[in-house]
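Asker: My structure is below; once you've seen it, I'll send some questions.
The values are calculated or read from the model by the stated rules, or taken from the named source; none is laboratory data. Here the structure is a predicted model, which is why all the values come from computation and not from measurement. Here the Cβ positions follow ideal geometry from the backbone for every residue, glycine too, while neighbour counts run over all protein chains shown. The area values use the complete protein model at the heavy-atom level, side chains included, leaving out ligands, DNA and RNA. Shrake-Rupley method; radii C 1.70, N 1.55, O 1.52, S 1.80 Å.
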Amino acid sequence: MRHPEDLTSDSAVELPPRLSRLVGHGLALAVIAAAVGYLFSALLSRQGFLAHDGLDGYLRTQQYLKEIQGGHIPPQLFPDAISGGGYGFPRFYPPLGYFVASFLAWVAQDVVLGFHLALFLSVLASGWAMYFAMVVLTEEPAFALFAALAYVSFPYRVTDVVQRAALAEAWTFVWYPLVFAGAWRVIKGRRVPAYLPLSIAGLLLTHPTTALYACCLFVAIGLLARRHVALGDAVRLAMAGVVGIGLTVWFVLPQTRDLKTVWAGDPEYMWARPTFADSNRATIPLLADSYTAPTASI
C-alpha cells in the first residue's frame, strides 16, 4: 500500500511536455504584451496628439471608415477632402494598416482611439511575430523572448509609432519575422507554411516601398545561402513569393493602371527624371562632409 506522502509527491508531477511548452509560450507572450503596454501606454488613450504627419492619421481613418460604412469596398477616395472634391488617397496608398485602424475605430466608436489601437496592435503583433520566428529558428524560447523584447523596444520603433505615427510602416514590422520563419521552415525541408505567402502579401499591401527594400535584403541573403538550399526548396520559396504577389493583384494592378492618370505618375512633377536624380546624386565625400562637425570661427 502506498503511503500518503507518496501520493502527495505524485500529485506534484510535472506537466506533460507539450502542455508545459504551451504554458511557457503563453507566459512569454504575456511578458511581451506587458512590455508593449508599458512602453506604448500613451496610445491607450482617446487624447489625440500632433505627429509628424499632423492629424492626417485620424482624418484618413475617419474617411476610410465613412467610405466602408457607405458600402464602397475597397474605398476609392476620401469624399470630404478638398472641400468635397474628393481625394484618391485610398486608390493609391496600401490599405492594410488603415483597414485595421478603421475596424478598430468602428469597434471603439472613436476614430482617435481606433487609430491609436492600430498603432499599438502593430507593435504588439510584431513582438509576438518575432517571438514565433525566433522559436522557429532557434527552438530556444528564452532567446526568442529576448529578441522579441528588443524588437519592440529599440528607439526607432518608438519614434516611428509615437513621434511619426507612421501606421503603414509600423505594420511592416509584423511581416518581416514571419517571412523569415516561413522561409526557414521551407529550407529545413518542410512544406511551405500558409503564413509565408500571406505574410508576403501583407507586406506588399502594407508598405510597398519598404517591401522593395526587404526584397533586396531577402534576395541578398538567398544568394549568400544558395549553397545550403536545395533546388527544390528554392523553387518552393519562389512559388510562395509568386502566390504572395498574386494575392495583391486586386489592389496593385488597378493602382498601377491608374497611376499615370494622376500627378504621382508624372516623372517631371515628382522630380523622378534620371537626369535630375543623377545631378543630385550624393558622393561618398559629400556624405562624409555632411557629418563633419562645423568648426567655430574665431
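Asker: Report the residue count in the range 37-80 for those that are under 20 Å from the mean Cα position of the chain (by Cα) and open to solvent by less than 40 Å² (accessible area, probe 1.4 Å).
Answerer: Going through the range 37-80 one residue at a time, the tally reaches 8.
Asker: A follow-up question, please. Of all residues in the range 216-258 being farther than 20 Å from Leu203 by Cα and basic (Lys, Arg), which is modelled with the highest pLDDT?
Answerer: Here the answer is Arg257.
Asker: Need pairs with beta-carbon distance below 9 Å; first residue assigned to a helix (DSSP H, G or I) and within the range 267-280, second not aromatic (Phe, Trp, Tyr); sequence gap 6+ or separate chains.
Answerer: Pro274/Pro267; Phe276/Pro267; Phe276/Glu268
For every residue, the table says whether it meets (1) free of Cβ contacts under 8 Å to residues at least 40 places away in the same chain; (2) among the β-branched types (Val, Ile, Thr); (3) within 22 Å of His52 (Cβ to Cβ); (4) surrounded by 18 or more Cβ atoms within 10 Å (Cβ to Cβ).
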residue: Leu167; (1), (2), (3), (4): no, no, yes, yes
residue: Val179; (1), (2), (3), (4): yes, yes, no, yes
residue: Trp184; (1), (2), (3), (4): no, no, no, no
residue: Gly189; (1), (2), (3), (4): no, no, no, no
residue: Leu196; (1), (2), (3), (4): no, no, no, yes
residue: Ser199; (1), (2), (3), (4): no, no, no, yes
residue: Tyr213; (1), (2), (3), (4): yes, no, yes, no
residue: Cys216; (1), (2), (3), (4): yes, no, no, no
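Asker: Going through the range 245-280 one residue at a time, which ones are within 30 Å of Ala194 (Cα to Cα), open to solvent by less than 60 Å² (accessible area, probe 1.4 Å) and of a type in the set (A, V, I, L, M)?
Answerer: Matches in the range 245-280: Val252 only.
Asker: Can you tell me which residue is modelled with the lowest pLDDT among those in the range 30-85 that are among the β-branched types (Val, Ile, Thr) and touching a Ser or Thr at 6+ places or on another chain (Cβ under 8 Å)?
Answerer: In this case the residue turns out to be Ile68.
Asker: Residues of the range 107-151 being aromatic (Phe, Trp, Tyr), over 13 Å from Ala35 (Cα atoms) and open to solvent by 40 Å² or more (accessible area, probe 1.4 Å), which ones?
Answerer: Phe132, Phe143
Asker: I need the full set of residues from the range 28-86 which are among the aliphatic types (A, V, I, L, M), assigned to a loop (DSSP other than H, G, I, E, B) and within 26 Å of Trp128 (Cα to Cα), in order please.
Answerer: Leu44
Asker: For the subset of the range 37-75 comprising residues that are touching an Asp or Glu at 6+ places or on another chain (Cβ under 8 Å) and of a type in the set (Lys, Arg), which member is farthest from Gly88 (Cα to Cα)?
Answerer: Taking the candidates together, the pick is Arg46.
Asker: I would also like to ask the following. Can you find even one residue in the range 223-235 that is part of a helix (DSSP H, G or I) and either among the basic types (Lys, Arg) or in contact with a Phe, Trp or Tyr (Cβ under 8 Å, 6 or more places away or on another chain) (or both)?
Answerer: Yes, some residue in the range 223-235 is part of a helix (DSSP H, G or I) and either among the basic types (Lys, Arg) or in contact with a Phe, Trp or Tyr (Cβ under 8 Å, 6 or more places away or on another chain) (or both).
Asker: In this structure, is Leu104 open to solvent by less than 40 Å² (accessible area, probe 1.4 Å) and at pLDDT 95 or above?
Answerer: yes
Asker: Related question: Can you name every residue in the range 27-48 that is under 25 Å from Ala170 (Cβ atoms) and without any contact (Cβ under 8 Å) to a residue 24 or more places away in the chain?
Answerer: The answer is Ala30, Ala34, Gly37, Tyr38, Ser41.
Asker: From the list Arg157, Arg91, which one is under 24 Å from Tyr38 (Cα atoms) and either open to solvent by 20 Å² or more (accessible area, probe 1.4 Å) or assigned to a helix (DSSP H, G or I) (or both)?
Answerer: After applying the criteria, what remains is Arg157.
Asker: May I pose another question? Report the residue count in the range 120-165 for those that are charged (D, E, K, R) and touching a residue at least 60 places away in the same chain (Cβ under 8 Å).
Answerer: Selection size over the range 120-165: 1.
Asker: Read through the list (1) under 19 Å from Leu253 (Cβ atoms); (2) part of a loop (DSSP other than H, G, I, E, B), then give the number of the only condition that Ile200 fails.
Answerer: Unmet condition: (2).
Asker: Quick check, is Val158 closer than 30 Å to Gln62 by Cβ, within 18 Å of the chain's Cα centre (by Cα) and modelled with pLDDT under 95?
Answerer: Against the criterion (closer than 30 Å to Gln62 by Cβ, within 18 Å of the chain's Cα centre (by Cα) and modelled with pLDDT under 95), Val158 qualifies.
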